[in-house]
Amino acid sequence: MGSKYLYSFITLLIILSLVELGSFFYSFLIPKHYYYNPPTRQQFKEYLNRFNNKDDLGRFLGWGSGSHRPSPAAQGMGEPYISLYGESFTYGADVSHQEAWGNILTSLIGRRVDNYGIAAYGSDQAYLVFLKNQTDKAKVVILTHVSENIVRNINQDRNLIYGNDAPYQILLKPRLITDKKAKLEYIKIPELTESDYENYVNNPKSYLKEEFFIPNSGFYSLRRLQFPYSFSLPYIYTHKRILIKLLNKRLSHWFDIYLPPWYDSLYKPNHPSGALELTRDVMINFAKVAEERGKVPLLFVLPNMEDFVYFQYSKTWVYSPLVEAAKKKGYTLYNLGPLLLKKLRSSDKMEDFFSSDGKTGHYSSKGKKVLAEVVRDILQDQRLIDSPITH
């Protein structure tokens with residue numbers, strides 16, 4: 001009897017060992033941005049060198065100089081009439097200066113448009129750029145919030161959201177928090193030293209006290225890939241961003257079902273992250289500061305490709321609660337989604353306009369042109385321009 005139990009035990013041990021070994025080798029096939037891939041000591045040191053070499057504005061913002069993008073169409077024009085604030089969708093990523101929608105808008109209205117969009121920003125950092133840019137002479141200032149960027153407003157280390165897809169393994173940013181009176185408090189970037197490396201990798205919460213995406217902390221956080229791999233490997237796929245992406249790929253194909261984007265719950269009032277309330281107050285404070293400076297603020301919410309696809313299935317914009325929350329406070333947030341779709345003909349494919357690769361990404365050059373036209377129309381409706389000026 002004893003030999004039988006011993007044999008069963010050894011057999012089980014061999015099976016578990018083979019499963020663990022197989023899981024270990026399979027882990028090399030998983031994209032690194034699917035799980036928490038901590039920085040190396042050398043990358044940590046490189047970050048410290050970059051941060052220490054930044055000027056005061058760079059440290060205040062996290063990255064980016066705060067300068068505006070060159071606009072070929074604005075050559076020879078005087079002071080700016082409009083300034084744009086936002087991230088890569090605002091900047092016009094993946095196209096030339098000529099094809100950026102801010103430059104196209106300049107051509108459409110015959111007035112100079114300065115583009116202060118900076119890649120990888122949240123709407124919180126875009127607001128901070130405007131806050132510091134007191135020399136901006138534009139009459140009209142526009143803050144654009146891209147739907148998915150609600151996650152960036154509750155984040156302090158970008159790579160805790162998207163893994164290692166950023167240019168550097170550590171990309172820290174400041175954080176804003178809000179109170180019930182919409183007063184924003186600035187949380188600066190933590191000051192790190194080389195001796196902090198081990199603790200930062202193993203216990204980032206001790207430095208990023210307002211970070212919502214601490215690894216292994218919840219449905220929205222990246223998972224750690226570690227021994228035993230047979231347990232940690234399946235756990236990776238419970239990250240909501242990864243799970244929704246994989247499910248939508250199958251469900252839409254098999255059953256014509258499309259689940260809402262992974263960040264949809266962050267738009268729910270009183271979510272534990274406070275993301276909706278914070279994003280609303282960032283937008284509101286942008287408008288307040290603009291009005292105090294004698295400017296006309298316009299607040300835009302811009303959908304990405306996931307939002308367009310989900311709208312096709314559900315007739316719902318996941319960020320609608322943000323529009324409603326601002327409205328209750330007396331501020332208008334323009335939902336650009338319906339306005340963009342109206343510009344398309346029945347024969348047009350959305351992915352040709354609102355995706356750089358047919359599935360996700362930034363707007364194509366066609367989409368940027370349509371976006372410029374929509375903004376032109378809003379300016380006309382608000383009597384901020386009389387009619388397009390041609391040369």
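The values are calculated or read from the model by the stated rules, or taken from the named source; none is laboratory data. Source: prediction; values computed, not measured. No Cβ is skipped: glycine too gets one built from the backbone with ideal geometry, and neighbour counts run over all protein chains shown. Areas reflect the complete protein model, heavy atoms only, side chains present, ligands, DNA and RNA absent. Shrake-Rupley method; radii C 1.70, N 1.55, O 1.52, S 1.80 Å.
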TODO: Quick one: P(r) of the stretch 11-169 from all Cα-Cα pairs, 5 Å bins, percents rounded to integers, in order of increasing distance.
DONE: 2, 8, 14, 16, 15, 12, 9, 7, 5, 4, 3, 2, 2, 1, 1, 0, 0
Open item on the list: Against the empirical 2.2 N^0.38 Å scaling, what ratio does the C-alpha Rg of the stretch 212-255 come to?
Closed with: 1.31
Open item on the list: Keeping all protein chains in the complex and leaving out DNA, RNA and ligands, what accessible area do you get for GLU198 with a 1.4 Å probe, in Å² to the nearest 10?
Closed with: 90 Å²
Task: LEU57 accessible area, assembled protein chains, probe 1.4 Å, Å² - done: 60 Å²
Task: Orientation-averaged projected area, Cα convex hull of the stretch 243-391 (nm²) - done: 11.5 nm²
Task: Pairwise Cα inverse-distance average, inverted: Kirkwood Rh of the stretch 272-345 (Å) - done: 13.5 Å
- [ ] Determine the calculated [θ] at 222 nm for the chain from helices alone, applying -39500 (n - 2.57) to every DSSP H run no shorter than 4 residues and normalising by the residue count; nearest 500 deg cm²/dmol.
- [x] -12500 deg cm²/dmol
TODO: About the Cα centre of the stretch 69-147, how large is the charge dipole given +1 on each Lys and Arg Cβ and -1 on each Asp and Glu Cβ? Please answer in debye to the nearest 20.
DONE: 280 debye
- [ ] Anything over 26 Å Cα to Cα? Flag those among LYS132/LYS240; LYS268/LYS328; LYS209/LYS329, in the order listed.
- [x] LYS132/LYS240; LYS209/LYS329
Task: From phi via Karplus (6.51, -1.76, 1.60), per-residue ³J(HN,Hα) for the stretch 297-305 in Hz, x at Gly/Pro - done: x, 10, 10, 10, 10, 10, x, 9, 4
Task: Positive-end residue, the stretch 82-198 charge dipole about Cα centroid, Cβ charges, pick of VAL146, ILE104, GLY163 - done: ILE104
Task: Sequence of SER364, SER83 when ordered by accessible area, the most exposed leading, probe 1.4 angstrom - done: SER364, SER83
- [ ] Treat every Asp and Glu Cβ in the chain as -1 and every Lys and Arg Cβ as +1, leave all other atoms uncharged, and give the resulting dipole magnitude about the Cα centre to the nearest 20 debye.
- [x] 440 debye
Open item on the list: Please list the three semi-axes, largest first and in whole Å, of the ellipsoid equivalent to the chain, using sqrt of 5 times the eigenvalues of its alpha carbon gyration tensor.
Closed with: 42, 25, 19
Task: Rg in Å to one decimal, and Dmax rounded to a whole Å, for the stretch 91-190 via C-alpha atoms - done: 15.5, 44
- [ ] For a quick protection proxy, order the peptides 60-71, 183-194 by their average other-Cβ count within 10 Å, most packed first.
- [x] 60-71, 183-194
Task: Whole-angstrom gap from the stretch 296-359 to the stretch 2-77, using each part's C-alpha centre - done: 31 Å
TODO: For the stretch 236-296, just run the numbers: alpha carbon Rg, then divide by 2.2 N^0.38 Å, N being how many residues it has.
DONE: 1.70
Task: Coordinate range along principal axes, alpha carbons of the stretch 321-391, Å, largest first - done: 40, 38, 21
Task: Cα-based convex hull volume of the stretch 155-211 per residue, rounded to whole Å³ - done: 89 Å³
TODO: Just the ratio, please: alpha-carbon radius of gyration of the stretch 167-270 over 2.2 N^0.38 Å, N its number of residues.
DONE: 1.37
TODO: Round to the nearest 10 and report in Å² the accessible area of THR135, as given by a 1.4 Å probe over the protein chains' heavy atoms.
DONE: 110 Å²
- [ ] Please sort 17-26, 105-114 by packing, taking for each peptide the average over its residues of neighbouring beta carbons within 10 angstrom, highest first.
- [x] 105-114, 17-26
TODO: For the stretch 1-74, just the Cα atoms, rotate onto the principal axes and tell me the three extents in Å, largest first.
DONE: 86, 33, 17
Task: Whole-Å semi-axes of the ellipsoid equivalent to the stretch 96-153 (Cα gyration tensor, √5λ, descending) - done: 22, 15, 9
